[in-house]
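A short worksheet on the structure shown next.
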């Protein structure tokens, strides 16, 4: 995926439809990468990466067989390498001068906002959280100087339809304790367990 210039993600409300679409996409074009699987709340994601023409062909094949099961989709023909790293689970843990947050109702729209924001402003894409543990939602974190983060959030949210934008915000000076929490595991139950373990020592 890191060597592929284009990426697409299709989001389905049916596992069956997602598997059928993923199979059709893989058969239609010589894509470099196909990653597919279930996410909360019972949806199915199919992500493909490769050269632009092949990914476009795969999208055509997937949408042709999926009927009304597609919840959302995104096609990024020139994906930013920071987004590829974030999708692969890499996180930037350095405390930023300011923090930008974009939260969307679909994984596809958070990827869209992330790619647009990191291309359009001098920011770092700190991380992305997708679907699991979020009831199907997703969110991203931008870091950088206040003006740059404000620009990235504005650019990113402009790419998200109003009905799929849950919220966005910019924090100019993130408190140290909040930064420490964000640098750890984002799941509340995990953090509570960690606090309990520390107290027991």
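Mind checking whether some residue in the stretch 34-41 is without any contact (Cβ under 8 Å) to a residue 60 or more places away in the chain, within 16 Å of the chain's Cα centre (by Cα) and not in a strand (DSSP E or B)? The answer is no, given that none of the residues of the stretch 34-41 is without any contact (Cβ under 8 Å) to a residue 60 or more places away in the chain, within 16 Å of the chain's Cα centre (by Cα) and not in a strand (DSSP E or B).
Filter the stretch 128-148 down to the residues that are outside any loop (DSSP other than H, G, I, E, B) and under 21 Å from residue 44 (Cα atoms) and list them by number. Write out each step before concluding.
Keep residues of the stretch 128-148 that are outside any loop (DSSP other than H, G, I, E, B), which gives 128-130, 138-144, 146-148.
If the condition is that a residue be outside any loop (DSSP other than H, G, I, E, B) and under 21 Å from residue 44 (Cα atoms), then 128, 129, 130, 138, 139, 140 are the ones that fit.
If residue 164 meets every condition in (1) surrounded by fewer than 20 Cβ atoms within 10 Å (Cβ to Cβ); (2) touching a helix residue (DSSP H, G or I) at 6+ places or on another chain (Cβ under 9 Å); (3) closer than 23 Å to residue 48 by Cα; (4) without any contact (Cβ under 8 Å) to a residue 60 or more places away in the chain apart from one, which number is that one? All conditions are met except number (4).
Condition check ((1) surrounded by fewer than 19 Cβ atoms within 10 Å (Cβ to Cβ); (2) touching a residue at least 24 places away in the same chain (Cβ under 8 Å); (3) under 13 Å from the mean Cα position of the chain (by Cα); (4) closer than 19 Å to residue 7 by Cβ) across all residues:
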residue: 74; (1), (2), (3), (4): no, yes, yes, yes
residue: 83; (1), (2), (3), (4): no, yes, yes, yes
residue: 86; (1), (2), (3), (4): no, yes, yes, yes
residue: 92; (1), (2), (3), (4): yes, yes, no, no
residue: 95; (1), (2), (3), (4): yes, yes, no, no
residue: 99; (1), (2), (3), (4): no, yes, no, no
residue: 108; (1), (2), (3), (4): no, yes, yes, yes
residue: 147; (1), (2), (3), (4): yes, no, no, no
residue: 151; (1), (2), (3), (4): no, yes, no, no
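Scanning the stretch 58-91 for residues that are assigned to a helix (DSSP H, G or I) and farther than 18 Å from residue 11 by Cβ returns 81, 82, 84, 85. Examine the stretch 187-195 for a residue that is part of a loop (DSSP other than H, G, I, E, B), at pLDDT below 95 and on the phi > 0 side of the Ramachandran plot, and state whether such a residue exists. No, every residue in the stretch 187-195 fails to be part of a loop (DSSP other than H, G, I, E, B), at pLDDT below 95 and on the phi > 0 side of the Ramachandran plot.
Comparison of 151, 108, 114 shows that the only residue that is touching a helix residue (DSSP H, G or I) at 6+ places or on another chain (Cβ under 8 Å), within 29 Å of residue 44 (Cα to Cα) and part of a helix (DSSP H, G or I) is 114. Within the stretch 34-55, the residues that satisfy the criterion of being touching a strand residue (DSSP E or B) at 6+ places or on another chain (Cβ under 7 Å), over 19 Å from residue 129 (Cα atoms) and surrounded by fewer than 19 Cβ atoms within 10 Å (Cβ to Cβ) are 34, 51, 52. Pairing each residue of the stretch 171-182 that is in the same structural domain as residue 92 (by TED's automatic domain parsing) with any residue that is in a helix (DSSP H, G or I), provided the two are 6+ apart or on different chains, yields C-beta distances under 7 Å for 172/146; 181/191. Here residue 170 meets each of (1) assigned to a helix (DSSP H, G or I); (2) at pLDDT 95 or above; (3) more than 14 Å from the chain's Cα centre (by Cα) with one exception, condition (1). On the stretch given as the stretch 14-33, residues that are surrounded by fewer than 18 Cβ atoms within 10 Å (Cβ to Cβ), modelled with pLDDT of 95 or more and under 22 Å from residue 110 (Cβ atoms) total 1.
When the stretch 56-71 is filtered for residues that are surrounded by 16 or more Cβ atoms within 10 Å (Cβ to Cβ) and either closer than 16 Å to residue 130 by Cβ or free of Cβ contacts under 8 Å to residues at least 12 places away in the same chain (or both), only 71 remains.
Quick check: anything in the stretch 1-10 over 28 Å from residue 133 (Cβ atoms) and in contact (Cβ under 8 Å) with a residue 60 or more places away in the chain? It would help to see each step written out before you state the result.
Keep residues of the stretch 1-10 that are over 28 Å from residue 133 (Cβ atoms), which gives 3, 5-6.
Add one more test, that the residue is in contact (Cβ under 8 Å) with a residue 60 or more places away in the chain, and what stays is 5-6.
Checked the stretch 1-10: at least one residue is over 28 Å from residue 133 (Cβ atoms) and in contact (Cβ under 8 Å) with a residue 60 or more places away in the chain.
The values are calculated or read from the model by the stated rules, or taken from the named source; none is laboratory data. Just so it is clear, the model here is predicted, and its values are computed rather than measured. Positions of Cβ are backbone-derived with ideal geometry, glycine not excepted, and every protein chain shown enters the neighbour counts.
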